[in-house]
Amino acid sequence: MSAIAAPDAAFLIHGLGGTQYDLGSMHKRLKNAGLVTYSLTLPGHGTKPEDLATVAMEDWVDAVVSKYREIRDQHPVLHLMGMCMGSLLAAVLAEREHHAKGNLIMLAAPVYIDGWATPWYRSLRPLLYVMPGLPQRMKIEEEDPFGIKNEQLRAIVKAKFERGENFHYRWVPLECLRQVDRLRAMVMKAASKIRCPTLIVHAREDELTSLRSAHFMVESIGGARARMVILEDSYHMICVDNDREIVAKNVLEFVGAALPGAGSALANEPRMSAQELTAALNAVLAKLDTGDLGGLRELAIPDLSWVQPGVNALSGVHVGKSFAGFASRFSALGNARFTAFGTPVFNRGVVLVPTQLVASNDSARLESPGALLFAFYAGKLLEARWFADQVELEDAFFGKPPAPDSTAVALDAAFVAAAVEAKTLTRAPDNATLLELYALYKQADAGDVRGDRPSVLDVVGRAKYDAWAQRKGVSRDEAMRSYVALVEKLKAQEVTA
Amino acid sequence: MGKVQTIVVVALAYLALGALSAYFAYSNEGAWGVWLASGFGLGLLFVRERSDWMPVLAGAFLGAIIFEPLVGSSAFDSLVYAVIEVAVTFAGGAIAAQLSPPPIRFMSPKDVGAIVAGAFVLALTGAVIVGLWDDLSGKPEAWRTFRVWLVGNFVGMLLVAPFVASWAQLRLKRSGGLTMSSFAGGAVACALFLICLYELFSASPAGRFLHSLGVGLTYLPFVFFVLVALLWGTRGATLAALIGALIAISQTVRGLGPFVGGDGIFGDTALNAQGYAAALAMTGLLVATLVEAQRVAAARAREWKTRFEAAIGAHGLIAYEWAPDSGNLVVTGDTMHLVGLPAQKLSTLADWLACVAPQDRDSVAARFGQRSAGGAADTVRYAMLGPSGARPVVDEARAIHDHDGELHRIVGIVRTAAA
């Protein structure tokens, strides 16, 4: 198999006082679309708000410039994307580095801090800047509406703040705003020198920065290069608010990325040669022939979608994490597997393969002919659909769908919630606990350990592999329960500490 | 703020406010029209835990013992006044803390009650001690001392303590709080309030019924002041009340304004001005606090609604409440997913029935008819027409009766069912 050309990449920059949470699911969506994503934690972030008091705007600029230079030559195309203050940094970066290797995406750029919820004394802050010691000590707090219009999301964010979770600082020092003001002034000067295509996404009701900011950027960059998208149902945090799908769609379109799904795979170039496509297909068929559906995850995007027809225990659309459960049920029900593959038919990134689904148990044997349709993009499997010629054969063999098991649903929900909680621990656990968390998560998410054991030189990778291997044979439910219990214990320790 | 800083700040504030109070003294009688100095310490006690009171009381003691010699008191008298200052400030703060534990957040009328009670106890305690002291010392005007101390302190506390308590809780925000439009509206109202008040209290007694706007403006300032309290909240209301009251008192002691020249209801010109100032302060506090209480209640109601919608949304449920007498229907839940319409579009039973699959429509209508006749709890299965075709649902209804057992409402939960 020939090597696949380096994929496109995107460099994502978070906002003031924030983390990658600011960008919602943009990392995952871009990865699903075949892009490599990069991010960084800006100086003064990811620890405690007091650490921002000594950070200058130049530190942030230097950090993004340094990261940019590190990754620039690794990809044919590199897009820059920032949220809030991150978008100002992205703009400065684009101008300073004469960025021409990709596009610039500015999400909710606060060129002017004049949104409808900004307090009346916002214009007085320069007076406070000159008072000795005050900018470092004075706290500027985040409050309702927290940049979010969706009340349910806002309630979640509020609860996170009240629990003291570390996804966003509850306050920033006044000094920080002074640095943002300096950065805004820099962007105002630099905007007209930006030469790359730019997408500006801004909410009409942004409570922090009005549409004036978006208009300024479009006018400065020029209508020929700048494109503006106005959102009608969000506040400032546009990547997590009501219009997040519109944001994602526009961003993906702007970077020319394929959206997951067979339809878009037909509409887009797969960015794979015929040989590469054949090799990728063969790797997938090899997994299916052994009944190792779980193994497909190594060959697919994180949100791999599998469509199984009929009304039986395997039916449904299984996407992302739910695919892991489907894959284990698939193997458990009569050692099901696909076999007798026919000649594949290729159309761009989509392949149709005649095949047969076979399974057997003590009393019956299933041989269900049909065809599998696969969609590939940039070397990864995006989606698979099974078309059975006689789906009633499968319904009869696999039996009716199980009644919803409230315990299982609750466990799944608790596991997902614990996975989120684990990322918000304010104190990093010791290495042994981290390995335990990793191993339990992998066992619950992907089943028994797979792949080669990393070499002795890869100390961390080897330790993680070994920890996962120690859980071999532990059921998914048991792994989930243990994981949830461990996260709860760690959170409880934080509370009592 | 550290302990030493607190002591120094309170002492300096005491001196500044004491000097301001001296400026407003009865020019012709040498008595204090309003005593503002104790208000700073009392205001800080309103927002601090009791364990944090000591630096504030120490600052008040320091301020008093420096201030008294400046206005002619002997060293012994100064010491006694400073001790009294500490005692009365503590008494006022303790009473307020008993009624509404600190920090007072101006969120309920109880908070206003605590502030008024704290101010009154401070004033009364001081007036009793000083009145008795004068009486026991054989001074001729002990009763007058008691009265002047009581009223001057009470008004001063009402003006300064809530001002300090509300501004001490100011937190600068990146977003949220008072917006620029509310600020601008409040600024206009505040300017009109102060202009009207100044005009009212600038009228000379001789001319006020002839060529002055004064009398006509007697009540107008309150209208603008209430607007200030509505738009600016507690901080704005206490600021405007303080400035307005000082204008009223200073003009009155200069022999101007509506209370000069007549007996007034209290029979004393300055006392009438003090009463006006107290009314102003309490009106502002009450209006701003009630607005805040309403805002908090609305926020809590929104939180409940959000929680309810999240709970039924997570379970894929639709909840409805139907009033058989009016035919009104209130639906909550993800109706877009089920029937392709927002919940607001399903405001009558007819709207609901229009979404029921044609083959089930008559039977569902009949079932609702039975329910309106007071039928017991029931469960019915039917199909609803949605964006992706007909969906089977299970509708579980319960009747709510009034105290006489008459049917009041039908409430139900609808969930999708397996085909």
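How many residues, within the stretch B:128-175, are part of a helix (DSSP H, G or I) and among the hydroxyl-bearing types (Ser, Thr, Tyr)? Reasoning before the result, please.
Quick first cut of the stretch B:128-175, residues part of a helix (DSSP H, G or I) only: B:128-136, B:142-168.
Those still in the list that are among the hydroxyl-bearing types (Ser, Thr, Tyr) too: B:145, B:166.
Residues flagged as part of a helix (DSSP H, G or I) and among the hydroxyl-bearing types (Ser, Thr, Tyr) within the stretch B:128-175 amount to 2.
Return only the number of the condition from (1) part of a helix (DSSP H, G or I); (2) in contact (Cβ under 8 Å) with a residue 60 or more places away in the chain; (3) more than 14 Å from every other protein chain (Cβ to nearest Cβ) that residue A:80 does not satisfy.
(1) is the only condition that residue A:80 fails.
May I ask you to list the residues in the stretch A:176-187 that are more than 13 Å from residue A:112 (Cβ to Cβ) and surrounded by fewer than 20 Cβ atoms within 10 Å (Cβ to Cβ)?
A:178, A:182, A:186
Filtering the stretch B:162-194 down to residues that are buried (at least 17 other Cβ atoms within 10 Å of the Cβ) and of a type in the set (Val, Ile, Thr), which residue is farthest from the other protein chains (Cβ to nearest Cβ)?
B:164
Of the conditions (1) within 26 Å of residue A:155 (Cα to Cα); (2) more than 14 Å from chain B (Cβ to nearest Cβ); (3) assigned to a loop (DSSP other than H, G, I, E, B), residue A:195 satisfies every one except a single condition; which number is it?
(1)
What residue, among those in the stretch B:280-295 that are under 28 Å from residue A:159 (Cα atoms) and surrounded by 12 or more Cβ atoms within 10 Å (Cβ to Cβ), is nearest to the other protein chains (Cβ to nearest Cβ)?
B:295
Checking the conditions here, which among A:323, A:346, A:330 is under 27 Å from residue A:271 (Cα atoms), of a type outside the set (Lys, Arg) and in a helix (DSSP H, G or I)?
Values: A:346 fails: in a helix (DSSP H, G or I); A:330 fails: under 27 Å from residue A:271 (Cα atoms).
When all the criteria are applied, what remains is A:323.
Could you tell me which residue of the stretch B:296-348 is surrounded by the most Cβ atoms within 10 Å (Cβ to Cβ), considering only residues that are small (Gly, Ala, Ser), within 14 Å of chain A (Cβ to nearest Cβ) and closer than 23 Å to residue B:384 by Cα?
This residue is B:333.
Would you confirm whether or not the stretch A:44-59 contains a residue that is touching a strand residue (DSSP E or B) at 6+ places or on another chain (Cβ under 8 Å), among the acidic types (Asp, Glu) and in a helix (DSSP H, G or I)?
Filtering the stretch A:44-59 down to residues touching a strand residue (DSSP E or B) at 6+ places or on another chain (Cβ under 8 Å) leaves A:49-50, A:52-53.
Add one more test, that the residue is among the acidic types (Asp, Glu), and what stays is A:50.
Cutting the leftovers down to in a helix (DSSP H, G or I) gives us A:50.
Checked the stretch A:44-59: at least one residue is touching a strand residue (DSSP E or B) at 6+ places or on another chain (Cβ under 8 Å), among the acidic types (Asp, Glu) and in a helix (DSSP H, G or I).
Read the figures in this text as sums done on the coordinates, not as results from a lab. Just so we're clear, the structure is a prediction, and the values are computed from it rather than from any experiment. Neighbour counts run over all protein chains shown; Cβ positions are idealised from the backbone, glycine included.
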